[in-house]
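Presented below is the structure to which this report refers.
The values are calculated or read from the model by the stated rules, or taken from the named source; none is laboratory data. Everything numeric in this text was worked out from a predicted model, so none of it was measured. FYI the Cβ positions are ideal-geometry reconstructions off the backbone, even for glycines, and counts take in every protein chain you see. Please note that ligands, DNA and RNA were not included when accessible areas were found on the heavy atoms of the full protein model with its side chains. Shrake-Rupley method; radii C 1.70, N 1.55, O 1.52, S 1.80 Å.
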6 protein chains.
Amino acid sequence: MALELTAGTLCAQNQAYFDKCLEKLGFVPNVLVCYAHDDAKLSAFAAFYNDLMLAPSGLSKLEREMIAVAVSSVNRCYYCLSAHGAAVRQLSGDPVLGELMAMNYRAAELSPRHRAMLDFAVKLTEAPHLIGDADRAGLRTVGFGERDVWDVAAVAAFFNMSNRMASAVDMRPNPQYHRQAR
Amino acid sequence: MALELTAGTLCAQNQAYFDKCLEKLGFVPNVLVCYAHDDAKLSAFAAFYNDLMLAPSGLSKLEREMIAVAVSSVNRCYYCLSAHGAAVRQLSGDPVLGELMAMNYRAAELSPRHRAMLDFAVKLTEAPHLIGDADRAGLRTVGFGERDVWDVAAVAAFFNMSNRMASAVDMRPNPQYHRQAR
Amino acid sequence: MALELTAGTLCAQNQAYFDKCLEKLGFVPNVLVCYAHDDAKLSAFAAFYNDLMLAPSGLSKLEREMIAVAVSSVNRCYYCLSAHGAAVRQLSGDPVLGELMAMNYRAAELSPRHRAMLDFAVKLTEAPHLIGDADRAGLRTVGFGERDVWDVAAVAAFFNMSNRMASAVDMRPNPQYHRQAR
Amino acid sequence: MALELTAGTLCAQNQAYFDKCLEKLGFVPNVLVCYAHDDAKLSAFAAFYNDLMLAPSGLSKLEREMIAVAVSSVNRCYYCLSAHGAAVRQLSGDPVLGELMAMNYRAAELSPRHRAMLDFAVKLTEAPHLIGDADRAGLRTVGFGERDVWDVAAVAAFFNMSNRMASAVDMRPNPQYHRQAR
Amino acid sequence: MALELTAGTLCAQNQAYFDKCLEKLGFVPNVLVCYAHDDAKLSAFAAFYNDLMLAPSGLSKLEREMIAVAVSSVNRCYYCLSAHGAAVRQLSGDPVLGELMAMNYRAAELSPRHRAMLDFAVKLTEAPHLIGDADRAGLRTVGFGERDVWDVAAVAAFFNMSNRMASAVDMRPNPQYHRQAR
Amino acid sequence: MALELTAGTLCAQNQAYFDKCLEKLGFVPNVLVCYAHDDAKLSAFAAFYNDLMLAPSGLSKLEREMIAVAVSSVNRCYYCLSAHGAAVRQLSGDPVLGELMAMNYRAAELSPRHRAMLDFAVKLTEAPHLIGDADRAGLRTVGFGERDVWDVAAVAAFFNMSNRMASAVDMRPNPQYHRQAR
């Protein structure tokens, strides 16, 4: 049985956030609905997530979503592959790129920048204890600055958390994701 | 070379947080110093972390720290094993318990509640795609409620993020941790 | 560089097969184009494949395609996930089922028959040396007969070959698959 | 309990094949007896297998058998290690080579060609999703042509199928293999 | 290049041991020749080994050799599989049993005692940190006493050492082993 | 239930050894108490161990203890991490070094000699079948002689045995280790 927690009362800010989701996407992403059982946790999660994925960064929004999907593929997370696969398709305008990130990013024809970025993210996912100077140097070589390396790591690390929350409570992706931007 | 990012100017709230750390611990944990290169990220991280580890929960603070260390042991995270190993020793008053969590929690004589809690956290760490109804049921059987299951998962998932950030940027634990509560 | 082999002259039977593909699908699946560098190998492959996936069996065609995709997911085969993911969507009329097989079949709500079938196929993929009497008994318990067990194994085993051929020569799925039956 | 399927009536061609086995080997290999529960499947398997292992190729028959055994060693397939281990001993006239392929090919003193061939086959077996341009280039460097690369891959891929069929149905090697060419 | 160490002068006891090997086996096992670069190490190794494999025990000599080979199969140790595979063939008078231990002990038809013994030895080899009360209980259930459990563990543990020494220095089995007791 | 074996009567030499432990350490290490159920096994173990860890060698005693702890970390052996972690702290006068060896030696700032030594020991632990000429050459490059390579291998191999004995019988470290040299 999936985890059964019912949404509580939302504070004004979170209610406004949900309204904005409904208006812009037509639905509230289920991950937010899941966190809504505890208004404080929802606030903390949304703030963390929005800074990570939407704030200014040397990584484009598409690059951050590519990392999200490649990491979620390692962890075989149904929720995140559905939701962020849709985001890659949408932001890139290239539906096949979304498939490639979800199936095996190594089969994609990627720029050296993107290949290094995803190699780092996937190694950090599979064997964080093996990450060392050579891995950071690999990112610098293709042009990532110190702050960019942080951001690659931060997105990859975050989805290692989020994939596990989704699996732990059996989160179900909103059905709308599946058909988006095909 | 470890990631080189210098702390920026802190907002009043974060400055107050650092001052409180200094006052209570005698030092600012290096994880916070690392996030301080970007004040907004520090705020988001601190809010998320403090809700997770300090807010009221069906899990005691010690239990949350035990999960933190057992997860960090799987990921072989030097920073988190040092910092949270110290927390387990301190909160439990049992230095050996801290060692056991860091080395192999299965060698500890644990209550069925704690064994189930750590088995879930470690399986979620090692193979999140295999977590299913039987695993959630295992937690319910030893008395965890729906919200408690969320909290076990949330702490385990968080340290899968935090371990990876620490490894990615080569975070070094404050030297004070090593001698604490031996 | 992907493997570079050019199609040779086809015998009448294989030419007719390609013509039929064009007529029915609008394209010749690239796996067949790849084998066409050697007419005899194409004949052997096509005969083997068509018997496996299309001949009468206690397994429906959809069930055989579900196994194909679940196995290809373990092996992260871009070609087979694309082509057979489309087949699952088409045969089931359920686009989400195709996604689930490709991402993590354990997240799908499956009948006991289908869960046992895929558990067997995936264990045979990941750890063939561990398959034993208990695994075969698990299939019998949910109603599979001796011949059905053979067919589950044969489809799972075949895609362990086919996934590896596709990866070895860098086979690219026909672009038509991506949009089919969404 | 092993899979229980009884041989059906054979078509003239398959009957002739069995007769030829009896005449040349003194026995019908049990893998063929297993497939004989369905005459069409036996035909397809025999055609595929004979093209793969006996047709003209840039790889010698011994090289194909060496790949068969090294792959079967990874998959710990009792049937294939017994049958194809005997083939390596026989074709090479070097009993120790058969042992080395079955135990750990890395302990053998191999030519660069053979080492590269087996490294490719074993990587394709263990981690097909990681095979890329560098692996194909490794084969080309030691002299394999495009078609030879296909053949290395095809033999390795085939035994990933055949090993799994043997384990799935608990195929038992004919006792004659054990003493052959010692 | 394999490790190059030349045998030193042997003490009388070790010289006598070598002479006895020559007399009884027709050769000195290469593992002993390897240790002979340091007479004290040879003495310690020989004493440890002979107590383990030859002293009175609730395990027969054949059972101890079966464990040796099953463990060496996990570790893919060419030296130990050759030498101890020969011992299993010889002590059992059943050449096929030697093959099965080296290839995949799960494919053998074993008594519950032997299956439990090898399951324990192989789990201890692959994942020593997971061994717990249930594993020890599994041995007791099929009749092993406390001292017998020690001996199962001791033999399995020893070959985890010996396999690694052989691989580390590239030990080559004496050619005589290959043909023994076929 | 841990293994229950009671110490038997000790020979004079072993009794003297225990007395010396008591005098020098204040306790008899539990590993010796465990072996004392069989006086001959205790003698063989002690002789082997003392030659390995205390005899003259190109490796210092601290280096041998560092290998012991890094290997025990891979195998997650509670007994050996406790006992030999204390030894590293004591011999180095650097408590943090002991922590690093137990948690993740890659996070330590090591000389090229020590990094190569531990990389070899850990690879030999995790994948002995992959050790080859390049690995031995790596040790030679940083200055290890042939005999030193043997000693690195011998210590790493030994703890692969000892870790497994400790886990198999549920050995408990003497409580004194935990506080030593902090």
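Taking the helices alone, the protein assembly as shown has a mean residue ellipticity at 222 nm of -22000 deg cm²/dmol, built from -39,500 (n - 2.57) per DSSP H run of at least 4 residues and averaged over all its residues.
Please give the direction-averaged projected area of the C-alpha convex hull for the stretch E:17-100, in square nanometres with one decimal.
The number I arrive at for the stretch E:17-100 is 6.0 nm².
Put simply, the Cα atoms of chain C extend 49, 34, 32 Å along their principal axes, the longest span coming first.
R0 = 30 Å: FRET efficiency of B:ALA12 with B:ALA181, Cβ-based, nearest 0.05? Efficiency for this residue pair is about 0.40. Label-to-label distances for C:GLY145 across copies, nearest first, come out at 4.9, 5.3, 5.4, 7.0, 7.5 nm, using points 7 Å from Cα in the beta-carbon direction.
To the nearest 10 degrees, how steep is helix E:146-169 against the longest Cα principal axis of chain E, on a 0 to 90 scale? In chain E, helix E:146-169 runs at an angle near 40 degrees to the longest axis. In loop segments of the stretch C:106-149 as defined by DSSP, the GluC sites (Glu not before Pro) with at most 12 further C-beta atoms inside 10 Å of their C-beta are C:GLU109. Roughly how far apart, in whole Å, are the Cα centres of the stretch F:84-151 and the stretch B:107-182? Each part's Cα centre sits 30 Å from the other's.
If you take the square roots of the eigenvalues of the alpha-carbon gyration tensor of the stretch A:1-44 and sort them as a ≥ b ≥ c, do you get rounded (a/c under 1.5), prolate (a/b over b/c) or oblate? Oblate shape, in that a/c is at least 1.5 and b/c is the bigger or equal ratio.
Roughly to the nearest percent, how much of the accessible area of the stretch B:1-68 is carbon and sulfur, given a 1.4 Å probe? The partial results should precede the final answer.
Numbers: 1870 of 3230 Å².
Reported share for carbon and sulfur atoms: 58 percent.
Look at the dipole of chain C built from charges on Cβ: of C:GLY132, C:VAL88, C:GLY8, the Cα furthest out on the positive end belongs to C:VAL88.
When the square roots of the Cα gyration tensor eigenvalues are ordered a ≥ b ≥ c, the ratio a/c for the stretch C:95-155 is 1.5 or more and a/b exceeds b/c, which makes its shape prolate.
Take E:ASN50, push a point 7 Å out from Cα through the beta-carbon direction, and compare it with the same point in every other copy: 1.9, 5.9, 7.1, 7.1, 7.8 nm, smallest first. Mean per-residue shielding of peptide C:28-39 is 1, counting Cβ atoms of other chains within 10 Å of each Cβ.
Set the bar at 24 Å for Cα to Cα. Now go through A:LYS123/F:LYS61; C:LYS123/D:LYS123; E:LYS61/F:LYS20; C:LYS123/D:LYS61; A:LYS61/D:LYS123 and name every pair that lies beyond it. Let's see the in-between values first.
On the way: A:LYS123/F:LYS61 35 Å; C:LYS123/D:LYS123 19 Å; E:LYS61/F:LYS20 36 Å; C:LYS123/D:LYS61 31 Å; A:LYS61/D:LYS123 35 Å.
Cα-Cα > 24 Å for A:LYS123/F:LYS61; E:LYS61/F:LYS20; C:LYS123/D:LYS61; A:LYS61/D:LYS123; rest within.
How many square angstrom of accessible surface are buried between D and C, both sides summed, with a 1.4 Å probe and rounding to 100? Approximately 4200 Å² gets buried when D meets C.
How big is the charge dipole of the protein assembly as shown about its Cα centre, in debye rounded to the nearest 20, if each Lys and Arg gets +1 on its Cβ and each Asp and Glu gets -1 on its Cβ?
On the way: 108 positive and 114 negative charges, 0 e Å.
Roughly 0 debye, rounded to the nearest 20.
Only counting protein heavy atoms at a 1.4 Å probe, give the residues of the stretch E:112-135, ordered by number, whose accessible area falls by 50 Å² or more when the other protein chains are present relative to the chain alone. Relative to the lone chain, where solvent access is computed with a 1.4 Å probe, the stretch E:112-135 loses at least 50 Å² at E:PRO128, E:HIS129.
In chain D, the beta carbon lying closest to the axis that superposes D onto F belongs to the residue given here with its whole-angstrom distance, D:ALA127, 8.
Determine, from the Cβ-Cβ distance of C:ASN50 and D:LYS61 and an R0 of 35 Å, the FRET efficiency 1/(1 + (r/R0)^6), rounded to the nearest 0.05.
Values: r = 28 Å, r/R0 = 0.81.
Efficiency, rounded to the nearest 0.05: 0.80.
For the stretch F:61-112, the Cβ-based charge dipole about the Cα centre amounts to some 160 debye (Lys, Arg positive; Asp, Glu negative; other atoms uncharged).
Under the classification rounded if a/c is under 1.5, otherwise prolate if a/b is larger than b/c and oblate if not, where does the protein assembly as shown fall, given a ≥ b ≥ c as square roots of the Cα gyration tensor eigenvalues? Here the protein assembly as shown falls in the oblate category. Ligands, DNA and RNA are left out, and with a 1.4 angstrom probe the accessible area of the stretch B:43-182 is 30 Å² per residue.
Rounded to the nearest 20 debye, what is the charge dipole size of chain B about its Cα centre when +1 sits on each Lys and Arg Cβ and -1 on each Asp and Glu Cβ? The partial results should precede the final answer.
Numbers: 18 positive and 19 negative charges, 65 e Å.
Roughly 320 debye for chain B.
Tell me the distances, shortest first, between F:ARG172 and the same position across the other copies, using label points 7 Å along Cα→Cβ, in nm to one decimal. Going from nearest to farthest copy, the values are 3.9, 4.9, 4.9, 5.1, 6.5 nm. Would you work out which of B:GLY145, B:PHE27, B:GLN180 lies farthest towards the positive end of the dipole of chain B? Charges go on Cβ: Lys and Arg +1, Asp and Glu -1. Positive-most Cα among the choices belongs to B:GLN180. A simple spin-label model places pseudo-atoms 7 Å from Cα toward Cβ; at C:GLU109 and C:ASP94 they are separated by 0.9 nm.
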